[in-house]
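Right, one structure below, let's go through it.
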Amino acid sequence: MLEIRDLHATVEGKEILRGIDLAVKVGEVHAIMGPNGSGKSTLAQVLAGHPAYVVTKGEVLYQGKNLLELQPEERAQRGIFLAFQYPVEIPGVSNSYFLKAALNAVRKAQGLEELDAIDFLELVKDKVKLVELPEALLHRPVNEGFSGGEKKRNEIFQLAVLEPRLAILDETDSGLDIDALRIVSQGVNRLRRPGNSVLVVTHYQRLLNYIVPDCVHVLVNGRIVRSGSKELALELEEKGYDGIADEGDETVAEAAQGEARVV
Amino acid sequence: MRDEPRARNDTDAVAKYLSAFESVGKGSWQDAPAWLADLRQNAIRAFAESGFPGRKDEEWRHTNLTPLLQAPFVPLVNGVTDAVAESQIEALAIPELWKNRLVFVNGSYRPALSSIAGQGDGITVGGLASVAADGQPLLEQHLARLADPGANPLAALNTAFAQDGTFVHIAEGASLEEPIYLLYLTSTLEDGGATHPRNLVVLSPHARVSVLEHYVSACAAAHFTNGVTELVVADGASLEHVRVQDECLLAFHVSATHGSLGRTANLVSYNLSFGARFARNDVSVALTGENALCTLNGVYLGTGERRIDNHTSIDHVEPACESHELYRGILGGKSRGVFRGRILVRPNAQKTDAKQTNNCLILSDEAVIDTMPQLEIFANDVKCTHGATVGELDEEAVFYLQARGIARPDARGMLTHAFASEVLSRLSNEAARSFLETRLKTILPQKTGV
Amino acid sequence: MRQGQDAMDDATNASSIPVMMDDRDGSSDDVIEDRVQQEYQWGWSTEIEADLAPKGLNENIVRFISEKKGEPEFMLQWRLKAYRHWLTMREPSWANVKYPPIDYQDAYYYAAPKKKAELQSLDEVDPELIRTFDKLGIPLEEQKVLAGVAVDAVFDSVSVATTFKSKLAEMGVVFGSFSEAVHNHPDLIRKYLGTVVPYTDNFFAALNSAVFSDGSFCYVPKGVRCPMELSTYFRINAQNTGQFERTLIVADEGAYVSYLEGCTAPMRDENQLHAAVVELVAMDNAEIKYSTVQNWYPGDKDGKGGIYNFVTKRGACRGVNSKISWTQVETGSAITWKYPGCILQGDNSVGEFYSVALTNNWQQADTGTKMIHLGKNTRSTIVSKGISAGQGQNTYRGLVQMMKGATNARNFTQCDSMLIGDKCGAHTFPYIEVRNSTAQAEHEASTSKIGEDQIFYCKQRGIGLEDAVSMIVNGFCKEVFRELPMEFAVEAQKLLGVSLEGSVG
């Protein structure tokens, strides 16, 4: 599904990613964990094609093709979905109008028929329940005046409607209380299909109690320093990032081997 | 350009000023270097060409100069009335700032009454005329560069007639903790006297200082103060400039303050109009270096039949500069206020962050306010906002105070005071702040009706 | 007879400083003298059969227009007064727009399309004209009927078709071309013409008053709610034909009317002047809603050609509790100079102004409103959305005046500008003048560039750049669009998208 090789990226001239190698197979859920400033969100943004991030080295293959040469909307149309850490407000554009435009853009690119208003509403009604999003929010401007939790749920709701092949969740758990976390996770889990993959970017282990990963990677200072099974997340919880980072450079080599195993 | 004949009173007034220049203006500054004489000659020529600004000039459209033009104001030359006692002067001054002062009486510098602690050490403070006579090169370099006599006829008059003023230079990296206090006193028994104080403040890179200009009258006569101040703030320098105009209620007061800011320079300006029957203040700042920061604060109080016009202009020339502006006016009686605030963002000035606010309280049905905040934006990656409100006190707040047992007129008085005092509270110098707060209390009604 | 006029003059005089937007340029006696000398030089007047008056403007042309339209004497006299006054005026120069000087003697002031005879029905209209209307997407026929919209189409200054008049007539609503109204309802015209925008108002209004060819007139009698949206479509056709429409709408006590105006013009190389005047009068408890979508030819991408749109629009809320609401979407014209305003004379009257102005390529717009509060408890709301792209220059200019009698008057103004690209400009010039201590005015303005994070968010969801921009800009304008009648709102949104094409990327 996704193969990242020696990826380097900068923002405003500052190198954030310093050689990431990662492979995610079809049907797998991977978690990227790491301390603040380690480059987790940068990785998510680079995969989505944010213009502020410049890839200086390395390559990213998505479904076997070069992802980096695609425009953000082309990536989206091919099934990459980024649940934003800070969902953007678009005043005056209603949530449902926005989503219908997005869905039809994706469907059109995939050679599917565009949905009319009635079919769209039908589809939306089901999905709204999935994330327990108040229906009224559909008719409000995109994310405007939404609470933090509502914004995150709205992201997962969009995920549910767009049914991407690769979902990237960027700190979707941040700022959520336990109930919201459960709802969001349930939403994600119900969307897990054999044909889809998920990349969960998170600071805390707690989300992984709900969305159980096949593989956990620890990102420190722009590099993956360790990879392992879901137990690695628990170890992190116990030792903290410092504990892992202290293990030094040997772990980097170890991590690289881990990579090979994952692929 | 003007394409119609001038009004008669304008023509007469211009002629009177021109002849005053021949008889009085020319004569002063006899020791002045040639460049300065040329400057003055060019200024009077510019004035002769332009005449007084009129309603055709967009910048002056809302300012009715007629009362100023009806009677000519002749420069007060060396003490028409010189008999002001030192004690009398001190009584009008801000006591805590007295230790670091320059005093001007009727436009002339009084060295005997002045004293500046900490001279030397890269700090030069003195009377402009003597500094010019000494051949200070900064003067020639900066004087009348920011305040273009061709652009503002009143500034041209000042340039032509100025007898003296203040020169401040703070050398690179130098700073003065105590504010420099400049007292401009007019004391004349007869109507018709004019002073044209001229000030130049130059801060070399990373210099720091606070300057407070205080304009007062020790008389009740119709006099005219026409001041120009130029502020040159180099890279990384920081200047607080406070201008307090508290002249008698027969006075006419016109001022132009021009500033230019280099990279990361910081200017905080206060423009406080408490007195004079007619006041017009122009403040123009150009942000000519990246990351410069400019803050303009203003308070204007209108009572009786006073007129107070405030015109500000902030020119964002270079990228990533910030400007904040807050002007507040309180108008009672039959007073009339004008606020025009212009923010210009030039094509190169990306990442500009500009915010301008003008709030005005109207206390009587006969008071009038015209407010014109203006944005002119030619760069796209900017954040610019302006807001203006005109109206009454917040009734909720009045009610809240009443509910705590404060009588309605007192509650309104308190809130009116607070409205202006919010701006004063930003002043860095505690003594100046409390002195001005007290003045505010004296001028504003303690109780206001309705 | 001229009471209305006097009242209006008083109202205007009361604002001792008529400030900007009024033509204050003075007169030159020499010029007048010259023109007066020329008056009868050509010696032709009415015998001319041509449907196109010769180029240029003089008293004879004014007489010719009036004669051609078979106007009563009072109209001719009014036009002549306007013309003579115009001679004393100078073109205003305060607006934030630049254009080469206009030679007013190098334009035609009257042109009529060829016609066989008096037209009885749509069938008699030149099918070529109908086809042109169709091409422009102006549905004159069945779909319009079903939509319940009466159409009064002005083609080249002369009304060629009017529908639905009989249905409206049943309710006592007078709706049709201005020329017809001059013949059929001279009393109404005499009573209201020039009472809101006197010919002395400004240079372009004076010119319009002298030479206006036609336009629309609507009178809704007491207590009648006009059952359908009234609309007109304007179009400029003949080259070098200045367009001078004149619209007058009167809502009598308790009446309601919603009026739509839409413009579209074909490609033209030469600049064309359009100087329309619209006057609205709302009596006690009456309401008028006036919506415009303006899409005149904006010139090409190099700034060549395009319409000069110098329009005077003003409404008078004469009666208590009356309301006038202007909504405009201005995407066209090379230059737009227009300030639809409200004189809030009646106590508790309400004025509204909702505007979207877009300038792309080399377009310039200086537009806004005037809200003059005279009566007690009068309210005004101003919402202006300016979008600048390409090399476009967009200026909001608005006047809010609270006069002595405007006790407890309120104004709220929100002015937002969006910049797309780094070669355009957005400017905001509000003028707030308050002469009453109980009145309150509040003005807020912001300027920002189109949100890059918003564009990225849309793109991440699969939406392409142009669609994303169009969506964000339409969202930005939402507050204004929702004031438009449904069908117009849809049209307007499409227009924005089309007008912004090529502005990003």
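Key figures for this structure:
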| item | result |
| --- | --- |
| Alpha-carbon spread of region B:353-422, three principal axes, descending order, Å | 52, 28, 18 |
| Protection-proxy order for peptides B:94-101, C:351-358, C:406-413, each taking the mean of Cβ atoms within 10 Å per residue, highest first | C:351-358, C:406-413, B:94-101 |
| DSSP-assigned coil residues among GluC sites (Glu not before Pro) in region B:164-205, each with at most 11 further Cβ atoms within 10 Å | B:E177 |
| Euclidean distance between Cα centres, region A:28-86 to region C:417-444, Å | 42 |
| Selection from C:G223, A:S185, B:V390, by position along the positive dipole direction of the protein assembly as shown (Cβ) | C:G223 |
| Rounded tilt (10° steps) of A:95-109 against the dominant C-alpha axis of chain A | 70 |
| Between region B:356-394 and region C:289-367, the alpha-carbon center distance in angstrom | 23 |
| Whether chain B is rounded, prolate or oblate, judged on the alpha carbon gyration tensor where a/c under 1.5 counts as rounded | rounded |
| Sequence-distant residues sharing a close amide H with B:V382 (under 5 Å, placed H) | B:K351, C:K449 |
| When each of C:K55/C:K98; C:K304/C:K338; B:K383/C:K478; A:K151/C:K494; B:K334/B:K383; B:K16/B:K334 is checked by Cα-Cα distance, pairs over 27 Å | A:K151/C:K494; B:K334/B:K383; B:K16/B:K334 |
| For region B:230-308: rounded, prolate or oblate by the Cα gyration tensor [a/c cutoff 1.5] | prolate |
| Region B:75-393, dipole about Cα centre (Lys/Arg Cβ +1, Asp/Glu Cβ -1), debye to the nearest 20 | 420 |
| Mean shadow area of region A:25-92 over all directions, Cα convex hull, nm² | 6.2 |
| Estimated vicinal HN-Hα couplings, Hz - region B:342-352 in sequence order (Karplus 6.51, -1.76, 1.60; Gly, Pro = x) | 10, 10, 10, 10, 7, x, 7, 7, 5, 6, 5 |
| Proximal charge balance of B:V233 [Cβ under 13 Å; K/R count +1, D/E count -1] | -2 |
| C versus B: buried accessible surface, summed, Å² (probe 1.4 Å, to nearest 100) | 3100 |
| Alpha-carbon centroid distance for the pair region C:369-413 / region A:107-165, whole angstrom | 39 |
| Rule-of-thumb Rg ratio for the protein assembly as shown [Cα; 2.2 N^0.38 Å; N residues] | 1.07 |
| Cα gyration tensor, region C:418-488 - rounded (a/c under 1.5), prolate or oblate | prolate |
| Given charges at beta-carbon only (K, R positive; D, E negative), |dipole| of the protein assembly as shown in Debye | 1300 |
| Helix-derived mean residue ellipticity, 222 nm - over chain B, DSSP H n ≥ 4, -39500 (n - 2.57), to 500 | -7000 deg cm²/dmol |
| For region B:155-160, 3J(HN,Hα) per residue [Karplus equation, 6.51 cos²θ - 1.76 cosθ + 1.60, θ = phi - 60°, Hz, x = Gly/Pro] | 5, 5, 4, 4, 4, 6 |
| Residues with amide H under 5 Å from that of B:R145, placed H, sequence gap 5 or more | none |
| Dipole of region A:11-169, positive direction: furthest Cα of A:V60, A:P35, A:L70, with charges on the beta-carbon | A:P35 |
| Highest-first arrangement of C:373-386, B:241-254, where packing means the average Cβ count within 10 Å | C:373-386, B:241-254 |
| Label-zone membership for region A:141-178, site A:L123, 7 angstrom Cα→C-beta point, backbone N under 13 Å | A:158-164 |
| Degrees, to the nearest 10: A:117-130 long Cα axis against longest axis of chain A | 50 |
| Kirkwood Rh, angstrom, region A:2-262 [1 / mean 1/r, Cα pairs] | 18.8 |
| Residue mean of other protein chain beta carbons inside 10 Å, B:357-367 | 3 |
| Residue (of B:A129, B:F435, B:T264) at the positive-pole extreme of chain B, dipole from beta-carbon charges | B:F435 |
| Accessible area (Å², per residue) of chain B, counting only protein heavy atoms and a probe of 1.4 Å | 36 |
| Formal net charge of residues neighbouring B:V268 (Cβ-Cβ distance under 9 Å; K, R +1; D, E -1) | 0 |
| Accessible surface buried once A binds C (1.4 Å probe; total of both sides; Å²) | 1900 |
| Nonlocal amide H pairs with C:C342, under 5 Å, H built at 1.01 Å | C:G315, C:K370, C:M371, C:I372 |
| Number of partner chain Cβ atoms within 10 Å, mean per residue of A:100-112 | 3 |
| Cross-link pairs C:K370/C:K449; C:K167/C:K289; C:K385/C:K449; A:K127/C:K459; A:K40/A:K230 - those with Cα-Cα distance over 24 Å | C:K370/C:K449 |
| Average partner coverage of C:467-480, which counts Cβ from other chains inside 10 Å | 4 |
| Helix-only [θ]222 nm of chain A, DSSP H runs n ≥ 4, -39500 (n - 2.57) each, per residue, nearest 500 | -12500 deg cm²/dmol |
| Net dipole in debye of region A:2-262 [+1 Lys, Arg Cβ; -1 Asp, Glu Cβ; about Cα centre; nearest 20] | 560 |
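The values are calculated or read from the model by the stated rules, or taken from the named source; none is laboratory data. Computed from a predicted model, the values in this text were never measured in an experiment. Don't worry about glycine lacking a Cβ; one is built from the backbone with ideal geometry, like all the others, and counts go over all protein chains shown. Just the protein is used for accessible areas: all its heavy atoms, side chains included, with ligands, DNA and RNA removed. Shrake-Rupley method; radii C 1.70, N 1.55, O 1.52, S 1.80 Å.
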